[in-house]
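Here's the structure, in structure tokens; my notes come after.
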Amino acid sequence: MARDIKKLVSELTLEEKAGLCSGQDFWHTKAVERLGIPAVMVSDGPHGLRKQDQEADHLGVNDSIVAVCFPAACATASSFDTEMICKMGETIGNECQAEDLSVVLGPAVNIKRSPLCGRNFEYFSEDPYLAGEMAAAYINGVQSKEVGTSIKHFAFNNQEYNRMSCSSEVSERAAHEIYFPAFEIAVKKSQPWTVMCSYNKINGTYASDNKWLLTDVLRDMWGYKGYVMTDWGAVDDRPQGIRAGLDLEMPGSGGINDKKIVEAVKNGELDEALLDAAVERFLNIVFKYVDNHEKYADAVFDRDADHEKAVDAAGECAVLLENNGILPLSSDKKIVYIGEYAAKPRYQGGGSSHINASKVTSALESAEAKGRCVEYVKGFPADKDELDSEEFAKAIAAAQNADVAVIFAGLPDSFESEGYDRTHMRMPDVQNKLIAAVAAVQPNTVVVLHNGSPVETPWADKVAAVLEMYLGGQGVGEATDRILYGEINPSGHLAETFPIRLEDNPSYLFFPGDGMKVHYAEDVFVGYRYYDTKKIPVRWAFGHGLSYTTFAIDNMQVSSESLDDNGEITVCVDVTNTGKVAGKEVVQLYVSDLNGTPERPAKELKGFVKIALEPGEKKTVAMKICARSLSYWNEELGDWYAPGGKYLLQAGDASDNITACHEISFTTGKVLPLKIDGSTTVGQLLSHPRTAAAMAQILEAAKANSPFGEAVEDAPSDGDGHGGLGDAETASKMMEEMMKGMPIKSLISFGMGDSGLIDMLMNL
Ligand code: BGC
């Protein structure tokens, strides 16, 4: 049925329109029965349904329906598998139809600025391109079932400390290069039905009041078509919100804010047309769901079938960080599992994404079900940092008597959660001590990690293998079992760097601010962009991940040696499985600016492909790059810009393992603005196309006439006729270099011009 939403809006009273701009209760929008507008339900998300039938809350405290808990974003991002996360989205979309939920509140795509952010487990990556591609694939999956998503938290919600009021102080450049692209890519590739604005302020203005954010960037620049809702309770000034482009307030304010909208329209402070536009955007989405829901009358939430999908997804996400060959385990070995996570895995994080899981399989249960020869010793508790000397001693004795000790370690729930940040990056002391003690008596020690964000691993060089399972959802135990015993070949790669120490992280000095403001002073140097550029050694680099087989990535071929503002280059590399078992490799494409442009990261991810290969098999993978892949956000231009020149394309299976490169050249028609005044330097004029020729001419003349010029003429030669330090040519070059930094106002002081010349330069 084609609906005329504009007409519907015109039939609403002012009060009804204002009313539709806020929720009825915690999870429902409002109805206007006389016009056939129904209330619809929304629900958290993102990695499964937290549909609350009874007592509602936004912190995951009260119960919700029994549902399936899929791997959290920290894990799914490590899969680098857009097909897998799209399928996960389809499954969740179907569950929504079965449960009559119109929107699932996710994905959460905020950038992992610091390993300490309490909610990192729910976020994808420190890299915006990866986060954007994963988010777009998830959204396309959910929305293919005609259910909406709510990409969140827009924007700059990169910490939990004072998240509801703190101001993220961030440059326009870092905004566009680091904190926006995940949203931008998702908007452009998947048009999420809704966007959830964040609680925090941005450079002093609340996200919910922020026209630059919600209209200028989101709608005008990126072409967003859906509606914007608040995070729960994120409203500040409601009429200003409507002006800024904020459509729906959740969960509502008992009518208080609706009245403010009505008053503002009546007294002329708010243009009613803006309110109409908000209501129209909102109703478009409501009916997009309602008008299609009937088609899904047969949708079933099959918890058992979806559990199996959760197990498979967890298997795609795991990252093998270290392995000296001990993994996969062989079934005839005597194995001891140590650590309570073996029996009770930590599989999800705390807060609004908390799922009432239908069934949780542990690695221990899975091993027992398969008749594996595994003994279990608790060693330490899963939920606190507490040393039980007896358990500790038992664990060491058991490790000594076994062929292999597998320690299931990680972070207790209380160590990381929505609502507060971590204060350090350490695992519980008892776990670090036990791992070190076990490794001292058992060379075949394997550590399995359950955590939502990087941890310090002082024992990393002393153990035989480390397997990162993250918060892998309710199927994580079974997936761990299959990986440990080689039924699944691990294929995840890190979506974030594991620094050696917290102090190495670029945000360390500025995170989390004083509670009122947090300065993003590291600017665009987030994650590997910083570690790489500064050459800071890390424990495990962004993109790192091992396999039970080996791969070669080589032979980079490009469809063209040069690129311009409008073109595209296809970059191909060969990938070969050089080992003995089938496996999947993640090919990553990074780009570096070779033109000496200031303040650019050493390299940035601009493409990736995950590919399955049989032993000995070779395939060619293709990735595309365009001008945007080479560009940075130029604040003067207010746009993306890449200087003409050389760029290096680099492919590998980790940011620190590049095995194929190719240099390309780039030409641009974009010209940077140049406003000339007395402080403009000779160098700036020499490098700008509008002024370069004129400045070069003036410089030549000035050199000849100035005292420097005489010095150049008189400079001695090195005697053999060749140039050398101190010869005329070198002196001339040195002078030129010095001149580049000279403001044009100073030319007079050095006898290189008069005020006529300065005026002439200023008018170039
Ligand atoms: C969270 C959101 C969540 C909402 C509803 C807020 O506290 O930040 O991510 O969707 O609550 O539960």
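Annotations
- The residues in the stretch 432-464 that are hydrophobic (A, V, I, L, M, F, W, C) and part of a helix (DSSP H, G or I) can be counted, and the count is 9.
Here's the yes/no breakdown for (1) at positive phi; (2) within 16 Å of the ligand (Cβ to nearest atom); (3) charged (D, E, K, R); (4) assigned by TED's automatic domain parsing to the domain that holds Glu160:
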| residue | (1), (2), (3), (4) |
| --- | --- |
| Leu329 | no, no, no, yes |
| Ile338 | no, no, no, yes |
| Tyr341 | no, no, no, yes |
| Arg346 | no, no, yes, yes |
| Ile355 | no, yes, no, yes |
| Ser358 | no, no, no, yes |
| Lys370 | no, no, yes, yes |
| Cys373 | no, no, no, yes |
| Val377 | no, no, no, yes |
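- Checking Val66 against (1) crowded, with 24+ Cβ neighbours inside 10 Å; (2) away from the ligand (no atom under 16 Å from the Cβ); (3) over 30 Å from Pro239 (Cβ atoms), the condition it does not meet: (1)
- Looking at Leu116, Leu101, just one residue is assigned to a loop (DSSP other than H, G, I, E, B), closer than 28 Å to Phe282 by Cα and either in contact with a Lys or Arg (Cβ under 9 Å, 6 or more places away or on another chain) or of a type in the set (S, T, N, Q) (or both), and that residue is Leu101.
- Of all residues in the stretch 578-588 being of a type outside the set (Val, Ile, Thr) and over 29 Å from the mean Cα position of the chain (by Cα), the one that is farthest from Ile625 (Cα to Cα): Lys580
- The lone exception for Thr730 - which of (1) closer than 30 Å to His493 by Cβ; (2) polar (S, T, N, Q); (3) at pLDDT below 95 it fails: (1)
- Exactly one residue out of Tyr199, Tyr161 is under 23 Å from Val235 (Cα atoms), within 16 Å of the ligand (Cβ to nearest atom), touching a Lys or Arg at 6+ places or on another chain (Cβ under 8 Å) and not polar (S, T, N, Q), and it is Tyr199.
- Against the list (1) aliphatic (A, V, I, L, M); (2) more than 16 Å from the ligand (Cβ to nearest atom); (3) touching a Ser or Thr at 6+ places or on another chain (Cβ under 8 Å); (4) assigned by TED's automatic domain parsing to the domain that holds Lys295, the condition Leu20 fails is (4).
- Meets criteria (more than 14 Å from the chain's Cα centre (by Cα) and away from the ligand (no atom under 16 Å from the Cβ)) for Glu133: no
Residues are listed down the side, and each one gets a yes or a no for (1) of a type in the set (Gly, Ala, Ser); (2) more than 21 Å from Ile85 (Cβ to Cβ); (3) surrounded by fewer than 21 Cβ atoms within 10 Å (Cβ to Cβ); (4) in contact with an Asp or Glu (Cβ under 9 Å, 6 or more places away or on another chain):
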{"residue": "Glu172", "(1), (2), (3), (4)": "no, yes, yes, yes"}
{"residue": "Phe183", "(1), (2), (3), (4)": "no, no, no, no"}
{"residue": "Trp193", "(1), (2), (3), (4)": "no, no, no, no"}
{"residue": "Asn200", "(1), (2), (3), (4)": "no, yes, no, no"}
{"residue": "Trp212", "(1), (2), (3), (4)": "no, yes, yes, no"}
{"residue": "Asp220", "(1), (2), (3), (4)": "no, yes, yes, no"}
{"residue": "Gly223", "(1), (2), (3), (4)": "yes, yes, yes, no"}
{"residue": "Tyr227", "(1), (2), (3), (4)": "no, yes, no, yes"}
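- Answer residue from the stretch 321-346, given it is among the hydroxyl-bearing types (Ser, Thr, Tyr) and surrounded by 19 or more Cβ atoms within 10 Å (Cβ to Cβ) and is farthest from Lys394 (Cα to Cα) among those: Tyr341
- Scanning the stretch 45-59 for any residue that is more than 12 Å from the ligand (Cβ to nearest atom), over 23 Å from Lys152 (Cα atoms) and either of a type in the set (A, V, I, L, M, F, W, C) or crowded, with 19+ Cβ neighbours inside 10 Å (or both) turns up nothing.
- Per the conditions (1) in a strand (DSSP E or B); (2) more than 15 Å from the ligand (Cβ to nearest atom); (3) of a type in the set (A, V, I, L, M), the sole criterion not satisfied by Val42 is (2).
The values are calculated or read from the model by the stated rules, or taken from the named source; none is laboratory data. Since the structure is predicted, the reported quantities are computational estimates derived from the model, not experimental observations. Ideal geometry is used to build each Cβ from the backbone, glycine not excepted, and the neighbour counts take in all protein chains shown.
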